[in-house]
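The values are calculated or read from the model by the stated rules, or taken from the named source; none is laboratory data. These numbers were taken from a predicted model, which means no experiment stands behind them. Glycine gets a Cβ as well: all are built from the backbone with ideal geometry, and neighbour counts include every protein chain shown.
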Amino acid sequence: MQKIEPLQYGKYYHIYNRGINGSKLFYEDENYNYFLKLYNTHVDPIVDTFAYCLMKNHFHLLVRIKDENEILLQPIKQPHQYFSNLFNAYTKAINKKYSRNSSLFQRTFKRKLIDNEAYLKNVILYINTNPVHHKTSVNYINYKWSSYTESISDTFTSLQREQVIEWFNDLENFKSLHTNKLNIIEIENYLEL
């Protein structure tokens, strides 16, 4: 069994999970919107978000857990508790709406510490292009539930868009690198998906 490392303040993580037994997490657009609303309520106050992608049966997030002195909420809980609150609230809502009465997510949500810039950039590319890898969409640019469009637009977002673009030097390089072929097998093996 894989040891689950605790989330630490001030660190970057790739957080991901899937539906139990590969089942759906999202049935319709309203579900995606509700998950993001709950994310903004429960998790956004303690993280900086750099990338996300919500798929029918799984999701990916790239976040930095804020330092304790950056968090305005009181009292401060352990970081994993904010994510657990999100997943529990979402599960309750889905169970009620679709007359379910069981777990929705695989236990426990997975996380990988981001410990170098190369992996950080590859994870952003992987997350934003995930709909293409899973053949959910022929084009990641048009996929509605990914951070890619928010990253390249001027609309308001809590996504740390400026930092993301800076890591790729500029917007054109960011767009260009998304068109390159990623070594998906290597990334997924590292994630133990």
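Which members of segment 72-111 meet the condition of being under 21 Å from ASN21 (Cα atoms) and among the basic types (Lys, Arg)?
Hits for segment 72-111 are LYS92, LYS96, LYS97, ARG100, ARG107, LYS110, ARG111.
Whether any residue in segment 66-75 is buried (at least 22 other Cβ atoms within 10 Å of the Cβ) and touching a strand residue (DSSP E or B) at 6+ places or on another chain (Cβ under 8 Å) is what I want to check.
From segment 66-75, those buried (at least 22 other Cβ atoms within 10 Å of the Cβ) are none; that's our starting set.
No, the conditions are met nowhere in segment 66-75.
Restricting attention to segment 69-78, does a residue exist that is closer than 20 Å to GLY10 by Cα, over 19 Å from the mean Cα position of the chain (by Cα) and either outside any loop (DSSP other than H, G, I, E, B) or modelled with pLDDT of 95 or more (or both)?
yes
Where in segment 105-170 are the helices (runs of 4 or more DSSP H), entirely inside, with at least 1 residues that are β-branched (Val, Ile, Thr) and within 14 Å of LEU62 (Cα to Cα)? Lay out the reasoning, then the answer.
Details: elements: 117-128, 130-133, 148-152, 161-167.
So the answer is 117-128, 161-167.
Tell me which residues, restricted to segment 25-39, are more than 13 Å from LEU61 (Cα to Cα) and either more than 16 Å from the chain's Cα centre (by Cα) or not in a loop (DSSP other than H, G, I, E, B) (or both).
Quick first cut of segment 25-39, residues more than 13 Å from LEU61 (Cα to Cα) only: 25-34, 37-38.
Correct list: TYR27, GLU28, ASP29, GLU30, ASN31, TYR32, ASN33, TYR34, LYS37, LEU38.
Out of segment 104-120, which residues are under 15 Å from the mean Cα position of the chain (by Cα) and among the basic types (Lys, Arg)?
Across segment 104-120, the qualifying residues are LYS110, ARG111, LYS112.
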